[in-house]
Every structure is written in structure tokens, then in C-alpha cells.
């Protein structure tokens, strides 16, 4: 069995472990004012854990469960993503997003290694610049999925804390949070956690990939600061905010 497959099986066996509550803030299902996709069948938020500490493009494993999502094997759907980056030609690199046991679901093509190029997510092909549009009113990062608009917003006064909102159609609704915290997992230390209250594979993938597309230069370091800009995490990945 491929390494990714073995990790998936290993993680499924840890179902009880993953259900531990996060330590730094909890997203309440009650905050979901208007369903963004498939309604949740459980009253607790789902969790994803991120193993990348520095450059999220370099062999980052994301593991967890969507609770209450019925599958052939049970009521909780296992989630497994892997991000890897390789050079495809001199000065050009490609980040490949793999789900489960080898299904390629997206890739990001970088120019000069770190500059924004083209993104392919499922059947959608677009410039990565479309994925990093900023809302001047909230200073959040905007992206769209199936005609709905979403926005990652930094939590004021808190380092490495971000909330995901559905901003269109009205009313606005908070549907996920990202927090930096360290925790042991079966595949090594996790350095961040995401809680979410929706069951939509397309939205989940877009939210994850949009974070990587937001980083456009220098070192792409997670949770780090540089003299040229401030790098902040979004869904376990970097977003550059000039200061």
C-alpha cells in the first residue's frame, strides 16, 4: 500500500483521538446562521490538523474528520490531504494537492519558484491572483465557491488566529476558525488546527488551496515575520500582509 494509503488507514484508526476538543478556542455550531452547503449531522465542529511548521508547500499533511458525514464505513468522513512541491522546469515549481490514497485534486504552478502563476482546482483553471483578492473594508482574503463568496479574516489582537465567513449571500455567517497550536498526532506533531461546521468537500478544498495561493514572495514561512512583510497563517498556510 502506498505511504499515503497507510497513513490514511492509520489515521482512521485514531477516530477517538481526533475528537479531542481544541485548546485555543472552539467554534460553535450555533454560529452557523445560514447553511453554506450540506447541513451538519452533528452538534460539534469538525477538526483538521496541519503538520507543516514552515513552508506549507513542502510535504504538509492535513488530517482529520468531517463529523456526522455518512460514509460507507461509518458516520465520520476521514479527511486526508498532502501538499508536495517539485520543480517542473528551471525556475518553475508545482505544488500538487493529493487527497486520500493518491487522488490529485489540485495543483498550483509557481513562476520563479514563489510568484503567483496558475491554479487548477478540480476542473477550474484560473490565475492564482484571483484567489488573493482583499476586501478593503475587513482586510480579509476573498474567494468564491459555487457562486458564494467567502472570506478569511484575521482575529484582531490575536496572533495566528483567523476566522472564515460566508459573506454572500446575506446574512454573513462564521463557518470555520484556524488557530495555531501544537499537538501530537499519529503522523507527527501538528502545528495548527482548523475547526469547521460544514460538510462540503469542494469548499473545504478551495479554502485550503486559497491559503497557499496567497503567498507570493520571499520565504513562504508559516507563522513567521520578515522585514519585507508579515506572513500570517490562513488554514495552515501563509498570507502576506504588508506592514
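The values are calculated or read from the model by the stated rules, or taken from the named source; none is laboratory data. Since the structure is predicted, the reported quantities are computational estimates derived from the model, not experimental observations. Every residue, glycine among them, receives a Cβ derived from its backbone with ideal geometry; neighbour counts consider all protein chains shown.
Applying the condition of being within 18 Å of residue 83 (Cα to Cα) and in a loop (DSSP other than H, G, I, E, B) to region 187-211 and asking which residue is nearest to the chain's Cα centre (by Cα) yields 191.
Taken as a whole, the condition of being buried (at least 19 other Cβ atoms within 10 Å of the Cβ), modelled with pLDDT under 90 and within 25 Å of residue 105 (Cα to Cα) does not apply to residue 196. Remark: pairs (first residue in region 71-82, free of Cβ contacts under 8 Å to residues at least 12 places away in the same chain and at negative phi; second residue surrounded by 13 or more Cβ atoms within 10 Å (Cβ to Cβ) and not in a loop (DSSP other than H, G, I, E, B); Cβ separation under 7 Å; 6+ apart in sequence or on different chains) = 71/77.
Can you pull out the strands (runs of 3 or more DSSP E) entirely within region 31-121 that have at least 1 residues that are at pLDDT below 90 and over 22 Å from residue 189 (Cα atoms)?
Details: elements: 46-50, 60-66, 77-89, 92-99, 103-111, 115-121.
The qualifying strands (runs of 3 or more DSSP E) are 77-89, 92-99, 103-111, 115-121.
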